[in-house]
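Have a look at the structure below before the remarks.
The values are calculated or read from the model by the stated rules, or taken from the named source; none is laboratory data. In this text, all values refer to a predicted model and were calculated from it rather than measured experimentally. Here the Cβ positions follow ideal geometry from the backbone for every residue, glycine too, while neighbour counts run over all protein chains shown.
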Amino acid sequence: MRLFQKKKSVFCNICNRELKHKYKPAKEWNIEGFLCADCHIEKTKEFIAKQQQYEEIPESCIICKKELKTEKKKPRWQWNMDSGSFLCIDCFEKKELSYEKRQNFCSICNKKMGFIRYNPKPKWNIDGQMCKNCWDRRNQKETQ
């Protein structure tokens, strides 16, 4: 026969109220555990107020340091730039072109690559990808 076990009580991390419904705080809030509905709403309001306060400060382009008013763009995640940073339209277009070139053309001979691409070995210190011919030539030099 199986006996019913009582569930452990969970309490709000801020006000210590017993929770019927658990709310998980956002990672940015740096709060461990769960929150009650009231505390979750209050923390959400605080976080939104802080974000709006930061948005009032005029942003500047992360590359050229030009002040941005309305014409700001977020960098793509593939570019490995800081989150929350913005670019002016000119810098965004330049970065986009250089990224497309790096992805679609060989780093050595600038030939347009097809479907198959080769990643250089780390000890070669080459940024980007390589075509088959350049990769083979570089690998032969290394083995000789």
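Brief remarks follow.
- Criterion applied to Lys65, Lys95 was being of a type in the set (D, E, K, R) and not in a helix (DSSP H, G or I), and the one residue passing it is Lys65.
- Residue satisfying condition, being of a type in the set (Asp, Glu), at pLDDT below 90 and part of a loop (DSSP other than H, G, I, E, B), within set Glu46, Glu28, Glu32, Glu55: Glu32
- Residue within region 103-119 that is of a type in the set (Ser, Thr, Tyr) and surrounded by 13 or more Cβ atoms within 10 Å (Cβ to Cβ) present: yes
- Selection of region 82-92 for residues being modelled with pLDDT of 80 or more and either over 30 Å from Asp127 (Cα atoms) or not in a helix (DSSP H, G or I) (or both) yields Ser85, Phe86, Leu87, Cys88.
- Residue that is free of Cβ contacts under 8 Å to residues at least 12 places away in the same chain and either under 30 Å from Asn13 (Cβ atoms) or out of contact with any Asp or Glu (no Cβ under 8 Å at 6 or more places or on another chain) (or both), where the choices are Ser85, Ser98: Ser98
- Answer from Ser98, Ser107, Ser85 - the residue that is outside the structural domain of Gln51 (by TED's automatic domain parsing) and closer than 30 Å to Gln51 by Cβ: Ser85
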